[in-house]
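A.B. asks: First the structure, then my questions, so here it is.
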Amino acid sequence: MNPKIILTDFKASLRTWSRSKGTVFWTILFPVLLIFIFGAIFTGMDDTTYTMTILDNDDTFWSQTYIDILKNIPNLKVVVIDENISDIQNYMKKNDINGLLVIENGLGDTVQQSYVDENISKNISLYYDPSDTTTASYYQTIVRSSIQEFNLIIQEDRHVIGVDSFSTLEDYGFMDYFVPGIIGMSIMQLCVYGSIERNTKYRKDGILRKLLTTPITRTEWILAKMLFMLFLSFISATVIITVGVLVWGMNITINLHMIVIIIANSFLFSGLGMIIGRFVKDAETADMAGGAITFPMMFLAGTFWPLESLDPIMQNIAHIFPLYYVNEGLRNSMIYLDFDKATFNLVIVLIFAFVFFIAGVILTKWKED
């Protein structure tokens, strides 16, 4: 082993790296982004305030005692309502409520009778939205623990009050939330990096200049490449959906909203890739730039977990990302069949797609500057 050879090679690699300002910039920026992203995610989990809505149909001293226990739980905001609700699931959907606790009439009488009747008991009802996995798990945990504390106050040696948990979406779980996000993220990665690789490689190899001598126009060439990226996007979505149905038994609905969102998603991120490839010449640097842009979207746009687990500031930032509207649009169209929300998200995605794709087409040039 010759240390001099090793040192010489190291110096050569260092000089090569330092001469590329773009590579130096993204090498430093990427870990900084990682710190900010994961710091925002996990810090937000500690500081998140959850809101629980309570319908107190009993309205007695004992129901108020239990509500006071909940009010003393950190990071939990309790909202007590007094309404006649015939359809709880529809009420929660209409008012955008993730957790509703119903204290039925008779809880106070049950507590009083428990001192003379050891066999008497009564349950309260917790309704939660399982698609928001973080919040749903939190609600079930704090209700069980608060019920345990409440029973200790009533009877130290007996379980008088219990809880029945009801999902507002009986057939849906975490995978139903997860799979549409994976489709949106996969198409984003495929189209951004596909466009970056194609434009930077073709420019470096001189292929773009050679295309000037052929009958093909720039518009025809771009549309041909877009059709290919769209083909790959549908292949990716089909594979993910097939695995979700066969392996996880998911109930997925194929409809026009979903198809249009996938098409718009492909055009959107292909356009973004063309923009990146136009301003970042070097292939390696372009890949790093693409990662620096797509990586925050991947983790902050609700792909893997609900936005409620993030810091409120980061939740607002997430609404800037086009991937957020892609993910929500796919979930609402494929899984929850909420076509009003799906249409809203679809319109936002189409606007992003139009802006990014047109900008990418305009900025893509065959001639070198």
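A.B. asks: Hey, T238 hits all of (1) closer than 15 Å to L330 by Cβ; (2) in contact with a helix residue (DSSP H, G or I) (Cβ under 6 Å, 6 or more places away or on another chain) but one; which does it fall short on?
C.D. replies: T238 satisfies all of (1) closer than 15 Å to L330 by Cβ; (2) in contact with a helix residue (DSSP H, G or I) (Cβ under 6 Å, 6 or more places away or on another chain) except (2).
A.B. asks: Do you know which residues across region 316-331 are without any contact (Cβ under 8 Å) to a residue 40 or more places away in the chain and either of a type outside the set (A, V, I, L, M, F, W, C) or surrounded by 23 or more Cβ atoms within 10 Å (Cβ to Cβ) (or both)?
C.D. replies: If we filter region 316-331 for residues that are without any contact (Cβ under 8 Å) to a residue 40 or more places away in the chain, which is where we start, we get 316-321, 324-325, 328.
Within region 316-331, N316, H319, Y324, Y325, E328 meet the criteria.
A.B. asks: Kindly indicate the residue of region 236-256 that is in a loop (DSSP other than H, G, I, E, B) and in contact (Cβ under 8 Å) with a residue 12 or more places away in the chain and also surrounded by the most Cβ atoms within 10 Å (Cβ to Cβ) among those meeting that condition.
C.D. replies: Once the filter is applied, the top-ranked residue is M250.
A.B. asks: A follow-up question, please. Among the residues of region 333-352, how many are surrounded by 22 or more Cβ atoms within 10 Å (Cβ to Cβ) and under 18 Å from N251 (Cβ atoms)?
C.D. replies: The number of residues fulfilling the criteria is 4.
A.B. asks: Let me ask you something else. Of S146, S137, which residue is at pLDDT 75 or above and either closer than 30 Å to A301 by Cβ or touching a Phe, Trp or Tyr at 6+ places or on another chain (Cβ under 9 Å) (or both)?
C.D. replies: The conditions single out S146.
A.B. asks: Quick check on my filter: what residues within region 216-235 are in contact (Cβ under 8 Å) with a residue 12 or more places away in the chain and of a type in the set (D, E, K, R)?
C.D. replies: Scanning region 216-235 gives R218, K225.
A.B. asks: Is it true that some residue in region 195-214 is closer than 21 Å to W305 by Cβ, part of a helix (DSSP H, G or I) and out of contact with any Ser or Thr (no Cβ under 6 Å at 6 or more places or on another chain)?
C.D. replies: No: region 195-214 contains no residue that is closer than 21 Å to W305 by Cβ, part of a helix (DSSP H, G or I) and out of contact with any Ser or Thr (no Cβ under 6 Å at 6 or more places or on another chain).
A.B. asks: Sticking with this one: Looking at the structure I just gave you, is L307 closer than 16 Å to Y177 by Cβ and modelled with pLDDT of 90 or more?
C.D. replies: Here the answer is no, as L307 does not meet what is asked.
A.B. asks: crowded, with 20+ Cβ neighbours inside 10 Å, under 30 Å from F304 (Cα atoms) and touching a Phe, Trp or Tyr at 6+ places or on another chain (Cβ under 8 Å): is that true of N75 in this structure?
C.D. replies: Judged against the criteria, N75 is not a match.
Yes/no per residue for (1) at pLDDT below 85; (2) more than 23 Å from F354 (Cα to Cα); (3) over 26 Å from the mean Cα position of the chain (by Cα):
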| site | (1), (2), (3) |
| --- | --- |
| T200 | yes, no, yes |
| L211 | yes, yes, yes |
| T217 | yes, no, yes |
| S233 | no, no, no |
| I241 | no, yes, no |
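A.B. asks: I've got another one for you. Give the residues of region 92-104 that are in a loop (DSSP other than H, G, I, E, B) and in contact with a Ser or Thr (Cβ under 9 Å, 6 or more places away or on another chain), sorted by residue number.
C.D. replies: Hits for region 92-104 are N95, I97, N98, E104.
The values are calculated or read from the model by the stated rules, or taken from the named source; none is laboratory data. In this text the structure is predicted, and so the values were computed from the model without any measurement. All Cβ positions, even for glycine, are placed from backbone atoms using ideal geometry, and neighbour counts span all protein chains on display.
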